[in-house]
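Contents: one structure, followed by commentary.
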Amino acid sequence: MTGSLAGDHPALGRGGVWTWGPIRWRFTGYREELDDLVSNVVVVPFVGDRCVLVRVRGDGVTFPGGTLEPGEHWVSTAARELREEAGATLRGIHPIGLFECRATRRYRQHLPFPDHRRVAAWADVVIDGVPSSPAGAEDIAEVLLVTPGEAARMLVERGRPEFAELGLLAAAERTRLADEDWFRDVRLQLETLYLAADDPYLQSGKSGGAASWEMARRFTAGAIHRDGTFLDVGCANGLLMESMVEWTRADRGFRLEPHGLDISPALVGLARRRLPVWADRIWAGNGWDWVPPRRFDFVHTLPELVPDHLRGRWLRRLVGEFLEPGGRLILRFGDPYPADPDRRTLGDLLAEAGLRPGGELVRERPAAPAVRWPGWRRPDVPRPAGGAPGTAARSDRGRLRGARGPASGRTGRPPHRLCAARRCPPGAHPRECCRAASST
Ligand SMILES: C[S@@+](CC[C@H](N)C(=O)[O-])C[C@H]1O[C@@H](n2cnc3c(N)ncnc32)[C@H](O)[C@@H]1O
């Protein structure tokens with residue numbers, strides 16, 4: 001947290017007493033090592049530049065949040081409460097502070113008492129459902145999308161100046177997130193959610209079991225065109241390393257030597273336990289600054305593992321320092337769902353990085369208009385935007401498309417926020433709306 005609490009956010013800086021406890025509280029910066037006494041979380045969710053407030057029936061407006069269930073980590077609580085109270089899916093969560101609390105009455109047996117902490121975080125979310133309001137949870141009458149200023153005004157009117165200031169603090173912190181906090185938050189979120197699951201697919205971030213895993217991942221084997229070494233940057237529990245060896249052999253007849261890297265030492269520990277024969281080739285480190293002990297023929301990763309402003313340098317580094325000469329960088333990325341129109345495509349991300357794919361594989365997402373496509377680059381990059389065309393290759397899983405880069409006409413499209421301005425014709429896919437808007 002930067003800035004002066006007392007000066008910029010006096011109600012937060014003063015602290016106070018919540019009469020419903022009663023609970024005496026004071027507000028401090030977030031530190032992960034203080035997570036042990038956490039009992040609650042409050043989230044300031046953002047959709048674009050607007051934040052989400054919920055109106056509790058018979059009560060008033062507030063930010064989503066709630067109490068940890070037994071054994072639950074606050075990140076899981078935040079994801080659950082966003083779904084239950086706002087019908088929202090969590091994309092990224094960033095803790096900004098802690099309410100250090102002392103209660104006079106115990107609320108629930110499993111919660112720390114009398115001293116406990118409430119994590120305050122902001123989050124990027126997608127509203128893709130309605131509040132599920134399960135029995136025993138808050139009864140939500142309305143989900144509101146408002147500017148941080150409007151949210152502050154409504155919360156002050158409701159007599160919650162500290163939450164009004166929390167919303168404003170969240171909006172400010174969102175514009176100045178330090179890279180080290182960004183990486184910490186991605187690690188914290190993914191390791192918490194993956195380690196909370198028993199299912200190996202969920203431990204690699206994929207819901208829906210084996211069939212869904214194959215549908216979303218197997219086509220990637222189409223980018224392997226010979227025997228070689230393979231590194232998965234962001235390997236989670238190692239399932240993709242394992243699957244790629246099998247799929248590449250079965251579908252392509254090639255032999256891969258798998259390796260893995262993950263930013264979470266806890267997930268690396270899980271991967272090593274699952275795959276003991278490869279334990280010495282699964283490393284803990286941040287792909288952004290990790291120095292590889294060797295080069296690889298194939299490097300697979302997801303472009304969203306680093307912040308936007310580092311991505312171009314990072315992708316060029318993967319090509320220049322991780323790949324063997326003649327190797328391939330394989331990027332996998334899902335095109336946005338209609339509910340998520342602000343998210344960019346892989347083509348947009350590569351264009352911003354000044355890179356063009358050497359080829360692309362497309363796997364249509366069932367029952368959705370968006371596509372999923374990885375591209376691979378030859379190591380003779382960076383090639384400037386608009387340079388020589390790349391190559392395309394055929395996959396028996398994905399559909400073949402010609403190489404496409406920044407010169408494809410995707411650039412110059414207005415931001416998807418146009419859709420938020422409600423220019424979409426009723427029922428139109430928001431991205432089509434944007435495309436249409438750019439050509440008129
Ligand atoms: C969605 S999982 C990907 C699992 C598997 N590679 C796949 O494609 O199915 C993303 C993983 O990347 C890891 N990760 C996130 N940022 C990272 C970074 N900067 N460097 C290394 N690993 C990172 C996370 O801890 C998480 O385990």
Residue satisfying condition, being open to solvent by 50 Å² or more (accessible area, probe 1.4 Å), of a type in the set (Asp, Glu) and farther than 22 Å from LEU90 by Cβ, within set GLU150, GLU142: GLU150
Scope segment 341-354; condition within 24 Å of ARG218 (Cα to Cα) and either open to solvent by less than 20 Å² (accessible area, probe 1.4 Å) or over 17 Å from the mean Cα position of the chain (by Cα) (or both); matching residues: THR345, LEU346, GLY347, ASP348, LEU349, LEU350
Conditions (1) part of a loop (DSSP other than H, G, I, E, B); (2) open to solvent by 50 Å² or more (accessible area, probe 1.4 Å): number failed by GLY129: (2)
Residue list for segment 288-329, filter: more than 12 Å from the ligand (Cβ to nearest atom), surrounded by 15 or more Cβ atoms within 10 Å (Cβ to Cβ) and among the acidic types (Asp, Glu): ASP297, GLU324
Residues of segment 162-189 classified as in contact (Cβ under 8 Å) with a residue 40 or more places away in the chain, more than 16 Å from the ligand (Cβ to nearest atom) and surrounded by fewer than 18 Cβ atoms within 10 Å (Cβ to Cβ), total: 2
Test set (1) assigned to a strand (DSSP E or B); (2) open to solvent by 10 Å² or more (accessible area, probe 1.4 Å); (3) in contact with a His (Cβ under 8 Å, 6 or more places away or on another chain) - SER39 fails condition number: (2)
Matching entry among SER207, SER132 (being closer than 23 Å to ALA339 by Cα and either without any contact (Cβ under 8 Å) to a residue 12 or more places away in the chain or of a type in the set (Lys, Arg) (or both)): SER207
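Yes or no, residue by residue, for (1) under 26 Å from the mean Cα position of the chain (by Cα); (2) not charged (D, E, K, R):
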| residue | (1), (2) |
| --- | --- |
| TRP20 | no, yes |
| VAL42 | yes, yes |
| ASP49 | yes, no |
| VAL75 | yes, yes |
Answer from ALA171, ALA178, ALA223, ALA164 - the residue that is touching a Pro at 6+ places or on another chain (Cβ under 9 Å) and within 30 Å of ARG50 (Cβ to Cβ): ALA171
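The values are calculated or read from the model by the stated rules, or taken from the named source; none is laboratory data. Just so you know, these numbers come straight off a predicted model, no measurement behind them. Note: ideal-geometry Cβ built from the backbone for every residue, glycine included; neighbour counts use all protein chains shown. With ligands, DNA and RNA removed, areas are computed over all heavy atoms of the protein, side chains included. Shrake-Rupley method; radii C 1.70, N 1.55, O 1.52, S 1.80 Å.
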